[in-house]
Structure formats: C-alpha cells, structure tokens
Amino acid sequence: MMKRHDSLQGALPLLVLKILLRRGPLHGYGITLHIETMSDEVLRVEEGSLYPALHRMEEAGWIKARWAVSEHKRRVRMYEVTAAGRRQLEAEEGRWHAVTGAVAHVLKHA
Amino acid sequence: MSWLSRLINVVRASKVERDLDDELRFHIDARIDALVQTGLPRHVAEEQVVRQFGSRLRLREASRDVKLLPWLDSLVRDIRLGLRMLRKHAVVTGAAIVSLSLALGACTGAFSLIDALILRPLPVRAPERLIHLTFPTYDPAWPENDTFSDPLFVRLREAARGRVDLFAVSYPERPSATFGDQGGEKEKLRTQFVSGDTFNRLGVVPAVGRLLTPQDDVRPGAHPVAVVSHAFWMRRFGGDPAIVGRWFALEERRAFGSGLWAGGQFQIVGVAEPRFMGVEPGRATDLWLPYAMAPGRLGNPEHSSFRVIGRVKEDASLEQVQSVLQAAFTSFRREHVERFGRGQSPESLERFVGTPLYVRSAANGPSPLRQQFERSLWILAAIAALVLLIAGSNVANLFLARTAAREREMSLRVSIGAGRGRLIQQMLVESALVAGVACALGLLFAGVAAPAVVGMLASADDPVYLDLRVDWRLVAFVGSLALLTTAVFGLAPALRAASVAPMTALKTGSAGAGTRAGVMRPFVAFQVAFSLVVLFVGGLLVLSFARLASVNPGFSSSGVVLLSVEPLHRVDEKRLHRALLQILDRLRDVPGVQAVSSAEFNVLGRPWRHYVRVPGTEHETIEATMAPVTPGFFETMRIPVLDGRTFTRRDIEAKNSTAVVVNQTFARRYFGRERAVGRLFEGRFDDNVVQNEIVGVVADTKHDLREPAAPTLYIPLRATGTFHVRTADDSATLMSRLREEVHAADPAFRVTAVTPQSAVIDQTLLRERLLALLSGFFAVVGLVLAAVGLYGVLSYSVVQRTKEIGIRLALGAQQLAVVRSVVTDAGITMLVGAAGGLAGGLYLARFVRALLYEVQPFDLWSLALPVGSLLCAGALAAVLPARRAARVDPVVALRYE
C-alpha cells in the first residue's frame, strides 16, 4: 500500500498526546477540532491520517479507548492518555523542541 | 492492543469493521452538523465533507490493518475465498478429496499397522536392552527357531549370569479355564508360562495384587498361582478388585504324543499393569502361570517350548554375551547329540553341534506374526504411497486446470496490485484445505480399514490383537503427509498462477494455452508410471494368489465340516477311545451325512513330524509327517487309494495294531519302483520301538499348498481328535443335530467349534489373499485415477485448442488427422509414463518375489496384464476428448470471441 505523507506526519501523535493530556478524554472529531482551533486553523488534520494514527497509538499502548454515549445519544469512542503515553509525550516533546530549534537556527543563520 | 487481542480480532473481524464504521460515521456526521450550523445547506455540507473525507473504504482498511494481524487476516480471508471457490467447483473438489483421502487413509492405515506390529517398542522398562535368542533350522519355511528346552535355558542362564539376565517365556497356548461362575462355562485363555523373574526383569508392575516372583519357581508343581492381564480383567470381571484370591480350574489337556498340560486349580494373585500385554506383539496374553507349573517340561531336554529373552547389563557388550552363550549352547548340544541325532549322518550331526546361536534384539518383542507379515505390510505401504503420489498428481492437475480457468481473475488481481506472494498463498491455501479435509477423512478411513485388516489376520483359534491407537505418532504422520502433499502438489499450480502475465492474459483469454497443457503432461506421465508400478506389482500378487488358490490339495475340501470335540472333564484313555467309536457311529447315522471320520490334525496342518528309517533300505532317516486318522478318512476326504487297503475298524479297536498307510511320496522316497505294501519298518513313538507294517498307499495330499507333498505316515487314531463330516447340507439344523449327537454319544463330550474345511484352507492362504485383495484394490484405484488424469489433461487441451482445431478443419484438415494429433499427444505421454513405470515395476518386483507362487515378473501374463489394462484405460480416457475434437465446428470455433 502506498504511504501518504502530509505535513503533520511526524507531529500528529505528539499533538494528539498533548491535547488528550491537557483536555482529558476526547473522541476523534473532538481532537481534530482542538488541533484546528488551537492552531488558528493553520493546521488541518486529515481524517485519513488521524484514525490510523489513533489506532496505531492505541496499539502501541500510548492511549486507550472506550465506547461512551455522547450528549446526542450517539455511540462515540473516547481516547485518553495512558502512563506509557505520558512518558512517550515527554520524550517526543523534547525531541521536537530540539529538532524545531535546530531547524529555526539553520533558517535564521543560513 | 495485545497480540492476543489482535488474534481474537481476526476471528471477529466483522465486529472490528462495524466499530470502525461507527467511529468514522460519527466523525462525518459531527462535521456535517458543524457546517450546517455555519449556514450551509445540509446537502452541500454533506457533499463537501464526503469529498474531503476521501475513500472511507481505504481509511477503514488502513485502520483495520492496525487492529488485526494482517497476515493472519489475509489467511482467514483466503480460507474463506478458498472454501467458496472449492464449493463452487464441487465435483472437482469432491474428486480430489475422495482420491486423496483414500490414498492418505491407506497410507495411514498401513502406517498404524506397521507401527503396532513392527516399529513400536514393547511398553516395558528400557526395551532397547532386551535380547532374545534364536538359531537357524535349515528349513526354508521356518528359517529361525526360537524355542528352547528347560535344561538348555538353565544352562544358558547360568553361563551368561553377570552379563545378561535371561528369563524364559513359553510360546502362548490356549487352554480352557473355568471360573465357577456363569454356569461353569469354559473359556479359552491365551496362557504363557514364565520364569519367576520375568516381570521384574521387564520392569512390569502390578495394577492389583502382586506379580510372579522367583519364589513361584521353587518346586515343580507346587505353585498354583496365576497373574491375569489388565485387558482380560476388565473384559471378564469388569475390573473387580475381588479377583485377587479367586480360584479357577484350568483344563487338563492331553495332546497326542505330549501329555504336558498340568491343569488343576489355580489362584489369581494379581493383575498386570494395563499397557503390558505380553512380550509378543499381535498376541495378547490373558494369563501368566509360573514356569514351575509346567512339570512335563521342567528338566526335559526334548520338549522345547520356551523363548529365552534377556536384559543385557549396562556394561556388557553383545559380542561377549554372544560368545559365552554360544559356548554353552554348543557344549549342551554336544552332550545331547546322542539323543537327538539317532540315525543321522555324521555331516548332519556336525551341523547339529556347530549350529550358531543368534542374539537378536527384542526391543519390539519377538513376533511370528511380524515375521509372517512384515514384508507384506511394507509392500502394501509402498503401494499405498504410490497411490498417494497418483492421487496427489491428480489433485495438482485438477488445480492446474482450474488455475487456467481462473487466469482472468488472477491477472486482474495482479494488475490491480496484488502481490504474487498473495496469489501463491491463495492457491496453497486452497490445496491445503483439500489436504486438510482429506487428512481428516483419511484418518477415519484408516480407523475402519486397519482394524478390518487385523480382523483378517485373526482366526477363531488365534485371535490377533494389535494396539492401533491414534497417538501423536499417527497424527504426526498424517499431518506431515498432508503438508508434504500440499507443498509438492499445490506448489506447481500456485507458481503457475502467480506467473500470469496480466497483459497477455487480459488481452486474449486463450494465449499460451499449449504450454499450459504441457505443464500438466509430466504429472500425467508420472501418474501413468506410478499406476503401472502398482498394477504390475498388484498383478503379480493377484496372479500368484489365483495360482495358489487353484492348486489341487489332493483332497476334496468342499462339503466337509470339521467338528472340534473336547471332553468336559478329565476322562481316561479307555473312555476316550470308546467315545471316539460311539461318536463316529452316531454321526454316520445322521441323515444327510455321507461319510464321517476323525483325525488328530487337520489335513492342512503339519504340527508333528518324526524321523523314521526303514531297515533294509540304504536311505538316510527321513522326516515324515505323522497323521493319526480313523477308518473312513480317505473316503471322507476323497483321497484315492493307490495300492493295498486303508484302515479298518479292527485297526483302531485292536490295542496293538501295527498297520500304517503311507502316501505316494513316502513310498517313492523309500522304495522307488518296488512295492511298498507289505514292507515293515521301525517306528519309535513315545520311546516304544514298534514294528509297523505298511498296508496301503494313498495319493499325495498337500499339507502346505505352496510346497510339494511331504512324506506322510498315516497311523490309526485312538483318541477323539477332530471329526471330519462330509455332507451336502451345511444348514444350521444339521449342525445343531451333529452337536446333539456328539453329546448324546457320550455326555462328557461336546463340540467346541464347527468349521468348514474350506475356511481352514482360506486361513492358510491368508497372507496371499490379503496381499492380493489389497494390492488389487489399489491397482484399480490407481488405474482409475490415472485414467481420470489423462482424461482431464486431454479434454482440457482440446478445449484450449478449439480455435486451432477450427482453423485446421477450415483449411481442409481431415477429422481423422485432428483426432490423431490429439491422441498422439496422449499416446506419447502414456508411453513415456508406461516405460518408466515398467522399469520401476521390474526393479521393485525383486522385493515381492519371495511372496510369489509360481509367478515370475517376466512371464507373459505378468507383463501383459498391467500393460493391457493400462492401455485399455488410456484408450477409454482418450475416446471422449478425441470425439469432441473431431466434432469441432470450424464456424463456431472461429466466431467464438
């Protein structure tokens, strides 16, 4: 199968973990809304990337999911961060800052 | 999510899909609602969201792969697809499954028999250290003897002490026992006398009570104790522990020439552990008695009925063991040469003393049944394996043909990006499904067939027990066979399927057809070759059996029934003699009975031989078969009298009758052209030297249908024996009348068995019949499979070549030429296969040669039968495809597509 690359490829799990940690359990749609509003509509989450990413993270044990009922009586799947997810977030966040800092440095002084 | 939950998800894949759908559905709906709230009309919003969302299907697939084990998931899907495809082609699948399961079942059955009789070690402690002793007999019919007398056993045991612990186990016998319950009914139990250390040396433990110990060997006749087998305990007493301490009566039996059964009351002291059924595979022992309770044998160097088995000590080598035992054996023979070798030539005396002693492994237990059937079983196993190859080739061909038919499907899948690996997997899964089903059916088939074969080996007097359990060895065997079949025969179609070139296949449905029929051809050639081997070997065995069954035994066996008569309790010799005469008289008067007589042994048995020497002739002592019979025996059996007279009533009534009758071979051997009647010779029976006079010469009869007639001495029978009744009527009414008459003649006697003489003959041809029946059956199966394979490839190639044939016909080719081109194709394939098969068959014939009777591999019939039937089958298989080729309508063929 062809792999689709988009701008958020590497950062998506990081954002998801951060948001879930800050806001508590959310469903997939809620996660996209948060990412979009918080980035002032700059970052758009492709649904095609979000769900496979969520399921991969669930598989990796960083987040866990359960079925719940929404205010409109719909069955929704809520995700929350696990302990392993928290550790992963710390590591990823550190790495992200290092990389973006390095990139910014190069852009500025090149 | 754990590996396990992913595994579970594969099984409930549809639930996983539903959940994924729900989750995405919610997302979509929520987005639409959000857009509607910004003022967009709902249908525009929907359109926008769906467009933006892309293919939901692909999204679902991507998430699905995360949730499931992808390889297992694809496997499960392949299995589902495979099952669907197999069900769609039910006939093809059915044929494949039936032929494969028959072949797998045959292989499995053969394996379970071979395992039980040949391969499996005795269920005792360290069976690999067990040995048993034999020596050559110089008799080709029975090349090795393993019976030893008590004094010889004791001598060997003492000589080998320290290196090997020898113990003695008698050949199994079947005396009658009465347990006092069930109306005092007699039951025949397979009984063995064993030396007291036997169980201990074998490492067998009791299930209940105790086993025999050396304390049971101390004084001859003073230890009336017995151990029963677990199987007998369960069968007869339902596992009642109260059996220990119970007394039973063992019949006192007096066989002619050996009054050796002690008989009397015995007390059961224990039950052996369940898995131990005696040291002889095939014959399960019911009852073990102490060696000391066989008084006629203890200290008697002339009565050899013990097998000598031993456990070699850890530090002793087999060479050492052999050399000390050999020394003891030779010195014993030298001491007894006088007694055994009376009247023998110096050369034969030398041979007697110098006889080697063999130390054989007894890890699997000594077994005459194995000796008799080992080769036959391996041959049958080889034939079954060939049939498996034929069936496997058939399956490969069926799949190849199907692969061709599914070429468009395959090409389509390749062109939309399916990996070749997936296609190979798909094809292998399909053949594995077939193999799996065939495997299960084969196990069932073997579960029926193997016991049936064991049933054929057994007779009423000699029940055969083989432990045909389904254990891991058997399952592993079938499983690996099935895997191998799948790998070998599924791989060719799979590779073929995977190598489709999408462009050509999609463009024209029939491109490259010629090469594809070519792929099938080697399989057909193999099938023809294998089936010819099976036909050839099977044909030899069937021909051999036919020749043997048509041998004239020298007597008329049809219309004779044999009544085994035994006394209910001990009777003296006088009464035995009187009963004989009374029973004969009463039976003779029964309406429908044409003739009656009695004989110690059945005509086809040869249990008692004696060396005799006639004074006044220059001949060496010859071995004669002794046959005690009553007057009327030759009339009953319709054996022609050539000279002199047969026995009269006076010969059996008189105490000291000296009259004997000899057969033609005996007369010729001793007297050549001289008249035998009136000649005297010395017989030495029971240590009394008697002068006997030959009063008559009768025609030869065979004791063994395979052998020429042996010199035979008929002497008057004075005890009851087996009654031979000639009658045209074998109804149950007459049989029960005969039983009543025997009982009425003397209430102390009763009939224990009624057997038609023909059944006895069948029993002696058991091995040949079994081989002929099974190999004949497999030969037919193989032939049918090969014909089906040939038919398949031919009709397939005709279908593939329809267009070509149409063009040729349109261009003016003769129908005959078209048919010839199709048939030539088949002919060449068959000839190549047949040549290979014939070569293989002639090579393999050497292994069956020893089992053949008057049949040679290079005989006209031996060769004509298999080749002829193969050609007929080939012709039959070619007829339909050839006709179809001839009837191709050029117009239709060319317009097609």
Requested in this report: Stick to Cα atoms and the Kirkwood definition of Rh, then tell me Rg/Rh for the range B:125-225.
Outcome: 1.02
Query raised in the report: Can you sort B:Ile309, B:Ile652 by how many other beta carbons sit within 10 Å, fewest first?
Result: B:Ile652, B:Ile309
**Report entry** Proxy reagent accessibility, fewest Cβ within 10 Å first, across B:His89, B:His569, B:His703
**Finding:** B:His569, B:His89, B:His703
Query raised in the report: What is the extension gain from B:Gln265 to B:Arg84, computed as 0.36 nm multiplied by their sequence separation minus the C-alpha to C-alpha distance, in nm to one decimal?
Result: 58.2 nm
Query raised in the report: So how far, in whole Å, is the C-alpha centre of the range B:627-647 from the one of the range B:652-680?
Result: 12
Query raised in the report: Relative contact order of the range B:664-768: what whole-number percent is it, with Cα pairs under 8 angstrom and at least 6 residues apart?
Result: 19
Query - Histogram of C-alpha separations across the range B:162-217, 10 Å bin width, % - result: 20, 37, 32, 9, 2, 0
Report task. For a footprinting-style exposure proxy, rank B:Phe193, B:Phe777, B:Phe26 by other Cβ within 10 Å, fewest first. Result -> B:Phe777, B:Phe26, B:Phe193
Report summary line: The computed P(r) of the range A:12-109 puts the percent of Cα pairs beyond 17 Å at 55
Report task. Only helices at least 24 Å long along their axis, Cα-based, and averaging 1.6 or more on Kyte-Doolittle count here, so list those DSSP H runs from chain B. Result -> B:90-114
Query raised in the report: Which Cα, out of B:His230, B:Thr630, B:Gly678, lies furthest along the positive dipole direction of the protein assembly as shown (beta carbon charges, K/R +1, D/E -1)?
Result: B:His230
Query raised in the report: For chain B, what log10 I(q)/I(0) values come out of the Debye formula at q = 0.05, 0.09 1/Å, with one point per alpha carbon and no solvent?
Result: -0.45, -1.07
Requested in this report: On a C-alpha basis, how far is the centre of the range B:125-176 from the centre of the range A:15-82 in Å? Whole number, if you could?
Outcome: 84
Query raised in the report: In nm, to one decimal, how far is the modelled label at B:Phe477 from the one at B:Glu374, with both set 7 Å along Cα→Cβ?
Result: 1.7
Query raised in the report: Tell me, what does the Kirkwood hydrodynamic radius of the range B:790-897 come to in angstroms if you use every pair of distinct C-alpha atoms?
Result: 16.0
Query raised in the report: Measuring from centroid to centroid over Cα atoms, what is the spacing of the range B:305-325 and the range B:460-484 in Å?
Result: 32
Query raised in the report: Which semi-axis lengths, in whole Å and largest first, follow from the square roots of five times the eigenvalues of the Cα gyration tensor of the protein assembly as shown?
Result: 80, 40, 26
Report task. Just add up the charged neighbours of B:Trp378: K/R +1, D/E -1, any other residue whose Cβ is under 15 Å from the Cβ of B:Trp378. Result -> +3
Report task. Mind putting a number on the dipole of the range A:12-109 about its Cα centre? Charges go on the C-beta only, +1 for Lys and Arg and -1 for Asp and Glu, and I need it in Debye to the nearest 20. Result -> 320
Query - Cβ-defined net charge surrounding A:Gly85, 13 Å radius [Lys, Arg +1; Asp, Glu -1] - result: 0
Query raised in the report: Based on the Kirkwood radius over alpha-carbon pairs, what is the Stokes-Einstein translational diffusion coefficient of the range B:203-245 at 20 °C with 1.002 mPa s viscosity, in µm²/s?
Result: 183
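We did not get these values from a lab; they are worked out from the coordinates using the rules stated. Here the structure is a predicted model, which is why all the values come from computation and not from measurement. Quick reminder, even Gly has a Cβ in these numbers, built from the backbone with ideal geometry, and neighbours come from all protein chains shown.
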